[in-house]
Amino acid sequence: MTQEMEATHGDAAASVGSRWPEVAVAGSLLAIAVMVIVDSLRVGIGWADDGPMSGYFPFYIGLMLMASSGFILLSVFLGWKKVNPVFADREQLSGVFAMLIPMIVYVVAVTLIGIYLASAALIGYFMRRHGKFGWLSTAAVSVGVPVVFFLVFERWFLVPLPKGPIENMLGF
Amino acid sequence: MEELGNLINGFSVALTGPNLVFMLVGITLGVLIGVLPGLGGANGVAILLPLTFSMNPTSAIIMLSCIYWGALFGGAITSILFNIPGEPWSVATTFDGYPMAQQGRAAQALTAAFTSSFVGALFAVMLITFLAPLLAKFALKFGPAEFFAVQLLTFCSFVGMSKEPPAKTIAAMMLGFALAAVGMDTVTGQLRMTYGFPELLKGFDFLIAVIGLFGIGEILLTMEEGLAFKGKTAKINPKVVLQTWRELPRYWRTFLRSTAIGCWMGITPGGATPASFMGYGMARRMSRDPQSFGKGEIEGVVAPETAAHAAGTSALLPMLTLGIPGSPTAAVLLGGLLIWGLQPGPMLFIEQKEFVWGLIASMYLGNIVGLIVVLTTVPWWAAILRIPFSVIAPVIIVICAIGAYTVHSAIFDVVMMLVFGVVGYLFKKLRYPLAPMVLALVLGDMAEASFRQAMLLSQGSLSIFWSNGLVGGIVTLALTLLAWPLWTGLKSWLRAREAHYRLGGVR
Amino acid sequence: MAKTCSTLRLLTASAALLLAPFSQQALAWEPTKPVEFVVPAGTGGGADQMARFIQGVVAKNNLMKQPIVVVNKSGGAGAEGFLDVKGDKGNPHKIVITLSNLFTTPLATGVPFNWRDMTPVSMLALDQFVLWVNEESPHKTAKAYLDAIKAQPDKTFKMGGTGSKQEDQIITVMLEKAAGKKLTYVPFKGGGDVAVQLVGKHIDSTVNNPIEAESHWRAGKLRPLCVMDKAKMPYTAKLTATMSWQDIPTCASAGLPVDYLMLRGIFMPPGVSQDQVAYYIDLFKKIRALPEWKEFMEKGAFNQTALSGQEFVDWLGKNEQMHRVLMKEAGFIAQ
């Protein structure tokens, strides 16, 4: 799939290269590897007389993660000028962010006002913004879905989901 | 043929009008539980428990166990439709099920999944019926070394030559192992890599990771293509079921292989999730066209579903005869037994004959009822894909959030789900494979614990892995499977080089 | 006030059921939504079994208007569950069942919680520990087994148990002290697994709770050597051809001075009111009076000591101190 995209969206101006995303991902993996290794050293990486210690496996896992992500980083840097395959074009990325940003807002909202109101807002936003639905159907779906979830989870299956101050006020 | 007589007796216990209704209720509820990633068997039992007090124990446990069958069937639905595994054992089903749905073949994929589940379960129940005492003895042979051998085999059967760059495959796999190690080390009781955060005490849950990596990651990928699900054009026709059935007998070898894997993993008890991965891995290995896997190959749905359901069913055997539950849902059934004053263990088959055989008979019936229920709903499930993306996408996000939250009732997990979602998207774009990472996450801590338990037993000597025929055989098989792709890879590389030189190095 | 009411209610239990709406008014507080029952251990273990049993009998006997929902929070050797309860200040719709990890987990891992961070409700029972070997083992008595350990070099015998640096390993250390020799302790995930490993002869002995090994004993696969209590268990019903729970000698009488009981108790989050605690004390009193509970106690051969109020608090303080000493000696305390 990536190959196809390289072919079809070769235009550098309208697209984002995969150099920086590659660096970011491999860099994060490298950071994780360091964290794994540091903590493994703390708990002991040796092979005691009754088998490996707590840090034995994580230590080597960390080393291999470090080696592989380091290799990826290195090969990106070595090919920095030459190869920069297309990660995604700008239009595609804006699509992704159109989803990612509301999702982040949604998760923050869940922690603040509970899952029901946040879900209603999320569904409502999407239907209006991207679906161009009328107010009536938007309201019906965005209220109906959380209500159904409330009934299924809280009432029927007795699974408490995160609730906010408004639900508490209503006595749930 | 004492078993046959017992079974017929069992059918007469199980096959009453009210019991059939209870089965229907249990299955329907179970399917719902399987579909929604936030619900587990425990919740289903919680609802039905008060109902069961007016019944006799056999009817009650039939209804409760039907929740289990329903959940096994239902797990495949969201995997195929939205790439969200409803239950851990349906992760491998997403690999080919979701591409099929994208190609407009959702109904075929669902039919194949349900039918395979049924076949796997049916074989497993037959095994339980006729070989229960023998199998229970076999399960006793499994100590830590044997468990590690099986986990190694699962891993080796799945890992092979992948299309992704090797460095990225290793990085993804190691990330999975590293995440699996977070939390408490079961062998020494030490906390690892929690860095003082209480949220990390419980480690990274497999289900939260896959909901994020697969479910949320897929939504982000879909957004790249604009606001549309590719499965929109799915043909919704009840005939699809029959057409798919006509196709399925071709895969009899896959059915048999996956059933064998599933039963083996269920009894030992390795669990349904590793079984599904092993089933998928072996099917790809043995296939004449391994390249088609992951691109919507129906065999890639058949193999994991058969194995998962065979394992899920045969896992009830160690639960009944040894009292060790093979899965959380099985553990809930165990609780159900206890409330009825039935203590699972070797005496159950002797002291509660009528109950046990009633239950076994209900496994046959429950699966048949279950298959009919889920097959009739195939067109409706496929029709969900016709809902506009702008409506279904936020609903999927909500379902994912609920699913992640309910695993530990922790908001932190919802945040983690989002992080995993972004990771899933980036990995997919940058060609890091997700499957080895997920497999490492599910097997990592299990395998490490078994390995170190084995080391404690042998006082640090690796020879324990060849100390008897059983464990030695499995380990050798696993290592062979691991070496095989290297060997074939080397061979084809040599051949390619030869050809390259013969052509005078012209490309 | 609630206390006098509760005795009255016990006397007229059946009438109370019929006249439920009237008698409920007598209580100052009752749950208004489903009660979350936290189990700080995995599914299928002893605490989980007891919690699910309670969930069942409460629903069956209509002891509460609202249902009980069992939630397993086993992460970090139970720390996940305890931290959850500790953090849910003032929530009367949450209770937690404890096992020894109430004391051992904070000591072994340094995770910050203590029983004093929660509200003690009542002790339901104490769980026994029995020394088990495989039926085919040559060691017929605890003394014979102890002598065999003494006669062999360190780490010849393998003891299986649940978890690491928890009750089973503490008992193993006590046993090592008595024998003067080291054992190999192999931690497994749950008590059921441990018993099965012993049946499969992958290990030499276990200290399973009675309920975890009972079925294998009756099937003639396991043999109990001694019980780690001051007195023998009171249950006289024959479980095998020759033995009842009562026929198992105490470990002390066999020359093995090991005495350990595990708490099965109920706690609530901190900051709940007296009335709310009284409600649950009363509820568990009613549960303990049920015939199903008696049957459950007998099946699991529990020590039926039950305490609440100040007595329970005193017991907790003493037991915590005991664990601190034992774990310090064993070197299990986190730095």
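Miscellaneous remarks
- Of the set (1) closer than 12 Å to C:Phe129 by Cβ; (2) part of a helix (DSSP H, G or I); (3) within 12 Å of chain B (Cβ to nearest Cβ), all apply to C:Asn208 but (2).
- Residue check for B:Ala149: within 14 Å of chain C (Cβ to nearest Cβ), in a helix (DSSP H, G or I) and either aliphatic (A, V, I, L, M) or buried (at least 24 other Cβ atoms within 10 Å of the Cβ) (or both): yes
- Residue check for B:Glu199: touching a residue at least 40 places away in the same chain (Cβ under 8 Å), touching a Pro at 6+ places or on another chain (Cβ under 7 Å) and of a type outside the set (Ser, Thr, Tyr): no
- Filtered residues of region B:444-494 (kept if aromatic (Phe, Trp, Tyr) and surrounded by 14 or more Cβ atoms within 10 Å (Cβ to Cβ)): B:Phe451, B:Phe465, B:Trp466, B:Trp484
- Residue within region C:133-153 that is among the acidic types (Asp, Glu), part of a helix (DSSP H, G or I) and within 12 Å of another protein chain (Cβ to nearest Cβ) present: no
- Of the helices (runs of 4 or more DSSP H) lying entirely inside region B:30-121, those containing at least 3 residues that are farther than 20 Å from B:Val442 by Cβ and β-branched (Val, Ile, Thr) span B:41-52, B:57-82.
- Within region C:53-84, being facing chain B (nearest Cβ under 9 Å), touching a residue at least 60 places away in the same chain (Cβ under 8 Å) and part of a helix (DSSP H, G or I) holds for C:Phe53, C:Val57, C:Lys60.
- Scope region B:350-391; condition surrounded by 19 or more Cβ atoms within 10 Å (Cβ to Cβ) and within 14 Å of another protein chain (Cβ to nearest Cβ); matching residues: B:Gln352, B:Val356, B:Phe389, B:Ser390, B:Val391
- Residue in region B:42-58 that is touching a helix residue (DSSP H, G or I) at 6+ places or on another chain (Cβ under 6 Å) and under 25 Å from B:Val438 (Cβ atoms) present: yes
- Annotation note: of C:Lys201, C:Lys230, the sole residue that is surrounded by fewer than 24 Cβ atoms within 10 Å (Cβ to Cβ) and more than 19 Å from C:Ala148 (Cα to Cα) is C:Lys230.
Results for (1) in a loop (DSSP other than H, G, I, E, B); (2) of a type in the set (S, T, N, Q), shown as yes or no for each residue.
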residue: C:Gln246; (1), (2): no, yes
residue: C:Asp259; (1), (2): yes, no
residue: C:Ile266; (1), (2): no, no
residue: C:Trp293; (1), (2): no, no
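- Unique residue being touching an Asp or Glu at 6+ places or on another chain (Cβ under 6 Å) and surrounded by 14 or more Cβ atoms within 10 Å (Cβ to Cβ) when the list is A:Gly114, A:Gly164: A:Gly114
- C:Val130 vs. criteria away from every other protein chain (no Cβ under 14 Å), within 24 Å of C:Leu261 (Cβ to Cβ) and of a type outside the set (Lys, Arg): yes
- Hey, C:Glu167 more than 8 Å from chain B (Cβ to nearest Cβ), surrounded by fewer than 20 Cβ atoms within 10 Å (Cβ to Cβ) and either out of contact with any Asp or Glu (no Cβ under 8 Å at 6 or more places or on another chain) or modelled with pLDDT under 90 (or both) or not: no
- Search result, residues across region C:147-164 that are buried (at least 17 other Cβ atoms within 10 Å of the Cβ) and among the hydroxyl-bearing types (Ser, Thr, Tyr): C:Thr162, C:Ser164
- Scope region A:20-43; condition more than 19 Å from B:Met173 (Cβ to Cβ) and either in contact with a strand residue (DSSP E or B) (Cβ under 9 Å, 6 or more places away or on another chain) or of a type in the set (D, E, K, R) (or both); matching residues: A:Trp20, A:Pro21, A:Asp39, A:Arg42, A:Val43
- Of the helices (runs of 4 or more DSSP H) contained entirely in region A:41-159, those carrying at least 2 residues that are modelled with pLDDT of 90 or more, at the interface with chain B (Cβ under 8 Å from one of its Cβ atoms) and closer than 30 Å to C:Met159 by Cβ fall at A:56-78.
- Scanning region C:170-192 for residues that are within 9 Å of chain B (Cβ to nearest Cβ) and either part of a loop (DSSP other than H, G, I, E, B) or touching a Leu at 6+ places or on another chain (Cβ under 9 Å) (or both) yields C:Thr184, C:Tyr185, C:Val186, C:Pro187, C:Lys189, C:Gly190, C:Gly192.
The values are calculated or read from the model by the stated rules, or taken from the named source; none is laboratory data. Just so it is clear, the model here is predicted, and its values are computed rather than measured. Ideal geometry is used to build each Cβ from the backbone, glycine not excepted, and the neighbour counts take in all protein chains shown.
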